[in-house]
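Since every read-out is calculated from the coordinates, none of them should be taken as a lab result. Note that this is a predicted model, so its numbers are computed, not measured. Here the Cβ is made from the backbone with ideal geometry for all residues, glycine too, and neighbour counts use every protein chain on show.
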Amino acid sequence: MADFYKNILERWQNISTHRFFWPVFFAAGLAFSIVASAFDILDLYLQLILIYVGINIILTVSLNLVNGYMGEFSIGHAGFMAIGAYTASLLTVNVFPAGALNYLFPLAIIAGGVAASVIGLIVAIPSFKTRGDYLAIVTLAFGMIVKSGLENIEVIGGPRGFLGMSKLTTLPWVFFWTVLSVWIIRNLVYSKFGRGVLSIREDEIASDLMSVNTRQVKIIAFVVSSFFAGVAGGLFAHALQFINPRMFDIIKSTDILIMVYLGGIASIAGSIIGAVIYTILLEILRPLGIWRMVLMPLMLVLLMIYRPRGIMGMREARFFVPLRDLLAAKLWKQKNKEAPDASA
Amino acid sequence: MPLLEMKNITHRFEGLCAVANFNFQLTQGELVGIIGPNGAGKTTVFNLITGVYRATEGSIFFNGDELVGKTPHQITKMGVARTFQNIRLFKELTVLDNVRTAYFGEATYSPLEALLHMGRYRREETKITERALELLSVFQLDNAASELAKNLPYGLQRKLEIARALATNPQLLLLDEPAAGMNPNEIKQLMDFIGWIRKTFRLTIILIEHQMRLVMGICERLVVLDFGATIAQGLPAEIKSNPKVLEAYLGEEAAK
């Protein structure tokens, strides 16, 4: 029996590290999500939950880049989300012609991401000088500025919020953006910039002395992270069709933090697991009403005590690791084993 | 032209003068030791050369280029690498990734190519990975390539730190107390090792050390610092009997 499972596991690992795995997975998922939403295979409630799962995966993976991989503590992620949500909504409601909305929706989402990443660039600047607790406070303040800023701009509804968006966020779009964000952040992590991000977490001075341009790396991490937070915001706004500044307060940022630390820092697989578990658990526990909000933080407390690094903490599922990195040491060993034979 | 030239370098930490009017010249290929009692300013000198601190006064020339005002990664790219007194590896990264991180300055692919894993990314990553493994095999660390750096024994961590520094392809290597925490037998091995990397990688080396056995054994020239000032310079044999040096180490009374 054990052999049977081992066999399956091995086969799965072979499949999951195949170079066509990602394209095939992507095409199949996209096809399924299109069919599922077009022919009502999944009921609308289930679709909505899946949409939230996707949005939360994007938020979690992107926050993990700064909090897990880079080791900074950003508490302002919902602020970037808000900027993306408002930018995309303003575009679809006030700027884009109503007839072409379906085609222009991706543009609105990208615009939301770009707007958020421009602000991310500004937040990256204090990170040159401060880190740890102090940078956490900077990001906390940033979140507050965004929220109260939005509350005081009457044109976009102020504290009453903004509405009028059509329901443009569909399952296929969410799937597309989720896979894209996971893929791009995974690519970043397994590149020289990713190693730069990690080395900043480990020892910033040593990193700088090993030729890592720490400022450039920090900018890239913040910009990419906030870009996808903005994307998630845009998708969120067009799924709910209503936004107000209170949705993007510190509670929302805390939610994302919980998903990051539940799934595990510095792990893409962990972020996905964390986002899925947390989103679905919140739905399952809905009958508990207000007690839900007692139970979830309690879970976080227990998690921090018993598994401070989260479910996957610092570990990665194999199929997120590029083949080169996965096999480098192994291939080298093989090559070295052959070499003495050749010379003998 | 000297490889490294420090002219009238002074560095103050809010009133405390860590290095005072320090002058130093280094020729290509030399192995020079910097010694001195605790707090004499030895590590500060390294931090000034590598750009961790910016000198309050004076200038530092490396191959004729001014180093004061440059950032550490720029200076590293120019060919200065260092190790640390208390090992500063990237502990949660693998041995391989510790070394690969140091190729940051050499890889030329852009952030966009990294995000999409396209263009120069593939070619350069393959090259970097191979070169890192080659370097590790020179240090006999290639079998531990996928271990986390924190799981290596102490001696190997020291070795890995030197390997990581060499990955930046330096001309000048700064070793900050490489023998700290080693027993006499290990120090003997370290002496051979330093001599060997010096020859293999054609390095110029500056060494900070407390272990007199090591310093006297391999350094061609010594600089003695005390309270941030040079109190003596010369051949190891001369330094040994220099009254000023004895005074700094043993105190005024004992030196008499």
Need a quick list: helices (runs of 4 or more DSSP H) entirely within the range B:65-166 having at least 3 residues that are buried (at least 22 other Cβ atoms within 10 Å of the Cβ).
B:72-78, B:95-101, B:120-138
Residues satisfying the stated conditions in the range A:118-136, i.e. in a helix (DSSP H, G or I) and of a type in the set (A, V, I, L, M):
A:Val118, A:Ile119, A:Leu121, A:Ile122, A:Val123, A:Ala124, A:Leu135, A:Ala136
Within the range B:160-188, of all residues that are of a type in the set (D, E, K, R) and over 18 Å from B:Val80 (Cα atoms), the one nearest to the other protein chains (Cβ to nearest Cβ) is B:Glu186
For B:Met6, which of the numbered conditions (1) touching a residue at least 60 places away in the same chain (Cβ under 8 Å); (2) not in a loop (DSSP other than H, G, I, E, B) fails to hold?
(1)
Name, by its number, the condition in (1) more than 30 Å from A:Leu198 (Cβ to Cβ); (2) buried (at least 21 other Cβ atoms within 10 Å of the Cβ) that does not hold for B:Leu173.
(1)
Please specify each residue of the range A:129-143 satisfying the condition of being within 20 Å of A:Gln216 (Cβ to Cβ) and hydrophobic (A, V, I, L, M, F, W, C).
A:Leu135, A:Val138
In the range A:137-153, is there at least one residue being part of a loop (DSSP other than H, G, I, E, B) and more than 19 Å from A:Ile55 (Cα to Cα)?
yes
All but one of (1) in a loop (DSSP other than H, G, I, E, B); (2) surrounded by fewer than 20 Cβ atoms within 10 Å (Cβ to Cβ); (3) within 14 Å of chain B (Cβ to nearest Cβ) hold for A:Val212, so report the exception by its number.
(2)
Which one of these is part of a helix (DSSP H, G or I), buried (at least 18 other Cβ atoms within 10 Å of the Cβ) and within 14 Å of chain B (Cβ to nearest Cβ): A:Leu326, A:Leu262, A:Leu331?
A:Leu326
Out of (1) without any contact (Cβ under 8 Å) to a residue 60 or more places away in the chain; (2) buried (at least 20 other Cβ atoms within 10 Å of the Cβ), the odd one out for A:Val182 is which?
(1)
Can you pull out every residue in the range A:234-259 that is under 27 Å from A:Ala317 (Cβ atoms) and either of a type in the set (Gly, Ala, Ser) or not in a helix (DSSP H, G or I) (or both)?
A:Ser253
Residue count, the range B:65-109 (criterion: without any contact (Cβ under 8 Å) to a residue 60 or more places away in the chain, hydroxyl-bearing (Ser, Thr, Tyr) and under 19 Å from B:Ile162 (Cβ atoms))
1
Given (1) more than 15 Å from the chain's Cα centre (by Cα); (2) in contact (Cβ under 8 Å) with a residue 24 or more places away in the chain, where does B:Asp142 come up short, assuming only one miss?
(2)
Taking the range B:72-104 and keeping only residues that are of a type in the set (S, T, N, Q) and more than 7 Å from chain A (Cβ to nearest Cβ), one is left with B:Gln74, B:Thr83, B:Gln85, B:Asn86, B:Thr94, B:Asn98
Taking the criterion of being among the polar types (S, T, N, Q) and under 30 Å from A:Gly99 (Cβ atoms), would at least one residue in the range A:135-155 satisfy it?
no
